[in-house]
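Reviewing the structure listed below.
What follows is calculated from the coordinates using simple rules that are stated; it is not laboratory data. Everything numeric here is computed off the predicted structure, so don't read it as measured data. Neighbour counts run over all protein chains shown; Cβ positions are idealised from the backbone, glycine included.
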Amino acid sequence: MANSYDVVVIGAGPAGYVAAIRCAQLGLSTACVEEWINQMGEPALGGTCLNVGCIPSKTLLESSEHVHRLHDVFPNHGISVKGLKVDIKQMQARKDDIVGQLTGGIAALFKANGVVWVKGRGRLLANKQVEVTDHNGKTDTLQAGDIILATGSRPVELDAARTDGDMIVDSTGGLNFTEVPKRLGIIGAGVIGLELGSVWKRLGSEVVMLEAVDQFLAPVDEQVSKEALRQFKKQGLDIRLGARVTGTSKGGKLVTVNYKDKDGDHAIRVDKLMVCVGRRPCTDNLAALEADLLLDERGFVHVDHQCRTNLPGVYAVGDVVGGPMLAHKGSEEGIMVAEIIAGEHGAMNYDTIPWVIYTNPEIAWVGKTEQALKTEGIDYRVGSFPFAANGRAKAMDGAVGMVKLMADARTDAILGAHIIGPMASELIQELVLAMEFGASSEDLARTIHGHPTLYEAVHEAALAVEGMAIHKINK
Ligand code: FAD
Ligand code: AMP
């Protein structure tokens with residue numbers, strides 16, 4: 001049967017495309033159904049991450065960081081530039097070009113691995129069948145040995161601030177401004193709001209962030225989130241906590257945003273408003289009623305620890321199953337499921353997933369926060385080291401923040417690592433590896449780290465667990 005495959009994957013984001021490639025590597029005939037149409041009106045692979053998520057946001061963060069450095073850091077080095085011009089259209093064109101290269105790269109990988117890209121919208125039917133409706137409305141049915149659902153997530157919408165694609169936008173709109181908004185309002189001071197707020201602040205916007213919750217970055221270690229809030233406020237991000245948006249209205253070229261906090265009702269006026277209040281799973285109409293796919297109360301596909309749904313031979317991976325909404329978490333689930341389908345062992349360690357926020361300073365962590373260890377009554381020891389005492393950080397103008405490690409008081413196993421500072425996104429990987437290998441803080445402390453490097457701050461934090469840091473006074 002021409003339309004029959006060992007595996008059919010629905011969705012080609014980092015969870016689905018990685019699953020499809022791994023299936024093909026393992027000798028399974030694989031099709032991947034993807035409905036995405038990009039800005040140029042062309043079908044594209046890569047999902048949220050490559051098209052409107054990780055990659056375009058990091059590209060703009062990099063460009064805007066250059067602008068910030070030119071203005072605020074270069075003079076300190078004795079370097080001045082006259083007549084500095086910022087061309088947002090070129091900045092956006094560069095971003096779009098990078099996105100095009102990477103999404104095109106996935107198409108090339110599919111071809112090289114023999115993954116069949118089926119363009120259209122997939123719907124799970126009963127008996128391991130997938131109905132595909134193409135962009136002309138024509139339908140076809142694929143028969144699968146196993147099915148992997150990887151349809152990802154989309155921005156949560158707020159009734160109080162309906163997006164219009166112009167003045168009120170979601171994160172995708174916020175990646176595509178062609179001019180720097182004079183005043184930018186952002187609803188939600190979570191990861192995405194902070195990253196995109198940083199981009200436009202560095203490029204010259206006045207940024208006001210309204211966050212409903214009183215606590216800043218609640219999932220982050222408290223010591224780190226306090227330092228982060230201090231740094232972001234110093235940069236001029238106007239972050240208002242405990243501020244719940246209740247409504248918006250548009251008049252002329254301005255949006256009025258009404259919000260409530262403990263002092264009462266307030267209003268601000270902005271040129272653009274970005275709604276960044278989280279993401280929800282793409283499960284609307286994903287499965288026909290007779291397929292009987294079980295969702296949880298929030299609409300995520302219900303799965304077990306190996307990403308099996310309630311239906312034999314049907315798996316789900318990535319944002320659509322909830323948990324950390326991170327590209328690498330979805331990709332690892334994709335690999336695990338592909339290996340299980342191929343009859344291999346397939347497993348993943350949910351305790352060592354790194355988290356990163358690509359602001360300046362960057363924030364990254366793995367494992368437990370100090371507040372979680374306290375709540376769970378685990379006896380631990382802490383070691384920390386400030387970047388202010390790290391030579392490389394000073395040379396880089398990045399002597400802000402710290403590395404903090406927590407180790408089990410009895411076994412010395414590393415339980416959590418938290419970094420706020422330069423290149424935290426890269427540094428965290430040493431701790432992820434250490435935890436994956438079951439390292440103790442002493443193992444890290446006895447590992448030779450090159451000098452001068454930022455990694456020395458990780459080394460010193462490990463030494464500090466035993467009160468043995470060399471370049472700080474141990475108390
Ligand atoms: P998605 O990437 O959402 O892909 C799902 C795919 O399925 C889409 O292509 C969609 O078109 C397709 N699809 C959906 N329904 C159907 C259907 N019925 N038929 C066919 N196709 C369908 N994560 C990080 O780890 N690091 C970051 O730096 C980071 N930055 C981010 C920045 C922004 C602005 C945003 C919005 C997200 C960011 N994320 C980041 C989160 C990351 O993008 C997601 O966790 C990741 O994309 C999830 O991968 P996924 O494959 O599960 O889903
Ligand atoms: P994240 O889940 O990291 O994307 O962050 C989304 C943030 O938006 C969370 O911190 C929420 O508390 C916040 N949020 C949700 N609804 C509102 C609202 N109506 N007004 C302000 N902030 C909100």
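What does the C-alpha gyration tensor say about the overall shape of the chain? Classify as rounded when a/c is under 1.5, otherwise prolate if a/b is larger than b/c, or oblate. Because a/c hits 1.5 or more and a/b fails to exceed b/c, the chain counts as oblate. Considering only alpha-carbon pairs that sit under 8 angstrom and 6 or more positions apart, the relative contact order computed for the chain is 14 percent.
Loop-located GluC sites (Glu not before Pro) in region 1-79 (DSSP state not H, G, I, E or B) with no more than 11 neighbouring Cβ atoms inside 10 Å do not occur.
Residues whose amide H comes within less than 5 Å of that of residue 206, counting only those at least five positions distant or on another chain, are 183, 184 (H built at 1.01 Å from N in the peptide plane).
Electrostatic tally near residue 244: other residues with Cβ closer than 13 Å to its Cβ, Lys and Arg +1, Asp and Glu -1, net -3.
Applying the Karplus relation 6.51 cos²θ - 1.76 cosθ + 1.60 with θ = phi - 60° to region 295-312 yields 3J(HN,Hα) values of 10, 8, 5, 9, x, 6, 5, 6, 9, 8, 5, 10, 6, 7, 7, 6, 9, x Hz, where x marks Gly and Pro. Over the residues of the chain, the helix contribution to mean residue ellipticity at 222 nm works out to -9000 deg cm²/dmol, using -39500 (n - 2.57) for each DSSP H run of at least 4. Each other residue within a Cβ distance under 13 Å of residue 129 adds +1 if Lys or Arg and -1 if Asp or Glu, for a net charge of -2.
If the segment from residue 241 to residue 215 were pulled out straight at 0.36 nm per residue, it would be longer than the present Cα-Cα gap by 8.7 nm. Residues in region 409-425 carry Karplus couplings, in order, of 4, 8, 9, 6, 4, 6, 9, x, 9, 9, 10, 10, x, x, 6, 4, 4 Hz; the curve used is 6.51 cos²θ - 1.76 cosθ + 1.60 with θ = phi - 60°, and Gly or Pro positions show x. In terms of its C-alpha gyration tensor, region 168-277 has an oblate overall shape, because the principal axis ratio a/c (a ≥ b ≥ c, square roots of the eigenvalues) is not below 1.5 and a/b does not outweigh b/c. Classified by the C-alpha gyration tensor, region 262-388 has an oblate form. Its axis ratio a/c, with a ≥ b ≥ c, is 1.5 or above, and a/b does not exceed b/c.
Between residue 116 and residues 5 or more places away or on another chain, which pairs have amide H atoms under 5 Å apart, with H built 1.01 Å from N, and which residues are they? Distant-sequence amide H within range of residue 116: 30, 31, 32.
In order along region 369-381, the Karplus-derived 3J(HN,Hα) couplings, from 6.51 cos²θ - 1.76 cosθ + 1.60 at θ = phi - 60°, round to 7, 5, 5, 5, 4, 5, 4, 7, x, 8, 7, 9, 10 Hz, and Gly and Pro are given as x.
Annotation: lysines with alpha-carbon distance below 25 angstrom to residue 368 (same-chain offsets under eight excluded): 226, 329, 404, 472, 475.
A DSSP coil position with no more than 14 other Cβ atoms inside 10 Å describes the following trypsin sites (Lys or Arg not before Pro) in region 239-332: 253, 262, 298. Summing charges over all other residues whose Cβ lies under 10 Å from the Cβ of residue 73, with Lys and Arg as +1 and Asp and Glu as -1, gives -2.
Close amide H partners of residue 4, meaning residues 5 or more places away or on another chain with modelled amide H under 5 Å apart, are 143. In region 326-396, what GluC sites (Glu not before Pro) fall in a loop by DSSP, with at most 13 other Cβ atoms inside 10 Å? For GluC sites (Glu not before Pro) across region 326-396 that sit outside H, G, I, E and B with at most 13 neighbouring Cβ atoms in 10 Å, the list reads 344, 376.
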